[in-house]
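One structure is given here, and the rest of the page talks about it.
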Amino acid sequence: MRTLLLFLSRQKQLRKWMETSAWARRLSGRFVAGDTLPEALSTCQRINAEGIAVTLDHLGENVASPAEAARSRDAYLQALTEIVKLGIDGNVSLKLTQFGMDLSLADCRSNVEQLVRQAAQLGNFVRVDMESSAYTDRTLDLVTDLHARYAAVGTVIQSYLYRSRKDVEMLCDRGIRVRLCKGAYLEPPSAAFQRKADVDRNYIELMNLLLEKGVYPAIATHDESIIAETERFVVSRRIPRDAFEFQMLYGIRRDIQRRLAAEGYRLRLYVPYGEAWYPYFMRRLAERPANVVFLARNLVRR
Ligand code: FDA
């Protein structure tokens, strides 16, 4: 089921049909904060009121023209300006294929650089999400390069990739902030662990490494046993609670979100918005195929 959903997530025709369908948009509302920036910003303010920070994601990936990439950049510049203007406790997360990486590396870099420069001027931060392993090298090169000049940028490491330990060590050495996640794409056995137990074991090893050697790492997971392991590790090493943060996705495991915030842990929610929601939505279904049954039941009830 996971493989099928991830395969469907890359189907362009299905994407076009779903993103223009009113009922499909209603379904995606569980994971997506709205179509527009004002809707997303008011969701962010509501989340901030619960003592939880945000990172705003203007949905979109694998854009097909330089004009589309430039529109994505402008949407992010505006989002960052509004975050600061409204005093929202938040930053932004982006995908390089949304900034034109498939079209021209130089143009993509220039688009991202404009945003990172603005973030540095505003005292804010840009997180570059990690996409499939076809992009890992280019993503790390671009982030390390921009970090050397602006510092206001970090990236993401996926524990399902065999290469990740080496990448974490490199990012720690350079003082670059890392968000650690398990990984959401379909990867071959030549690149990634296929068994959940191996992905989880690697996650815990990388989490320990980041908490000891990294700069303000983000532990991004909804996995209760890994969250418990993180809590145990920071207590045993006397790592202060303001030296790291947990991160979770908007709309997933509200129970754990509330508990972590109530216990005084730093928590940031990843808040996606925009009309290009289909690939993001399908990856969320693939992570927990029971979501398909849940959504189908809601649809029948309507
Ligand atoms: P796991 O999948 O093992 O799930 C543990 C438990 O969490 C499940 O049993 C269930 O209770 C709950 N859960 C998880 N996913 C759910 C869902 N979709 N619906 C309902 N319940 C769910 N990936 C990537 O490749 N690149 C990236 O840049 C990012 N960025 C990112 C940011 C943030 C803040 C988060 C939290 C995650 C990402 N991810 C990501 C996604 C990540 O790689 C991974 O696919 C998901 O977080 C699911 O993995 P878990 O760690 O939650 O564990």
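The values are calculated or read from the model by the stated rules, or taken from the named source; none is laboratory data. Keep in mind the model is a prediction, meaning the values are calculated, not measured. Here the Cβ positions follow ideal geometry from the backbone for every residue, glycine too, while neighbour counts run over all protein chains shown. Accessible surface areas use protein heavy atoms only, side chains included; no ligands, DNA or RNA. Shrake-Rupley method; radii C 1.70, N 1.55, O 1.52, S 1.80 Å.
Only the Cβ atoms of Lys and Arg (+1) and of Asp and Glu (-1) were treated as charged; on that basis the dipole of the stretch 57-203 about its Cα centre amounts to roughly 360 debye.
Using the heavy atoms of the protein chains alone and a 1.4 angstrom probe, what is the accessible area of the chain per residue in square angstrom?
Details: 13540 Å² over 302 residues.
That works out to 45 Å² per residue.
The Cα atoms of the stretch 1-102 give a gyration tensor whose axes a ≥ b ≥ c have a/c of 1.5 or more with a/b no greater than b/c, which makes the shape oblate.
Put a dot 7 Å past the Cα of R71, heading toward its Cβ, do the same for V235, and the two dots end up 5.1 nm apart. Within the listed set I252, I219, I47, the residue fluctuating most in the Gaussian network model of the chain (springs between alpha-carbon atoms under 10 angstrom) is I252.
Counting Lys and Arg as +1 and Asp and Glu as -1 over every other residue whose Cβ lies under 11 Å from the Cβ of Q247, the net charge comes to +3.
When the chain is treated as a Gaussian network with alpha carbon springs shorter than 10 Å, the biggest mean-square fluctuation among P217, P188, P279 belongs to P188.
Starting from the Cα gyration tensor of the stretch 109-187, take the square roots of the eigenvalues, sort them a ≥ b ≥ c, and report rounded, prolate or oblate (rounded when a/c is under 1.5, otherwise prolate if a/b is larger than b/c, else oblate). It is prolate, given that a/c is not under 1.5 and a/b is the larger ratio. Within the accessible area of the chain, the carbon and sulfur atoms contribute 53%, probe 1.4 Å, all protein chains present. Using the Cβ of V168 as centre and a radius below 13 Å, the other residues enclosed give a net charge of +2, where K and R count +1 and D and E count -1.
Taking all Cα pairs closer than 8 Å and separated by 6 or more residues, the relative contact order of the chain comes to 25 percent. For a Förster distance of 41 Å, can you work out the FRET efficiency between the beta-carbons of A262 and Q194, rounded to the nearest 0.05? For A262 and Q194, the calculated efficiency is 0.65. Highest mobility in the GNM of the chain, judged by mean-square fluctuation with C-alpha springs under 10 Å and restricted to L59, L14, L41, is found for L14.
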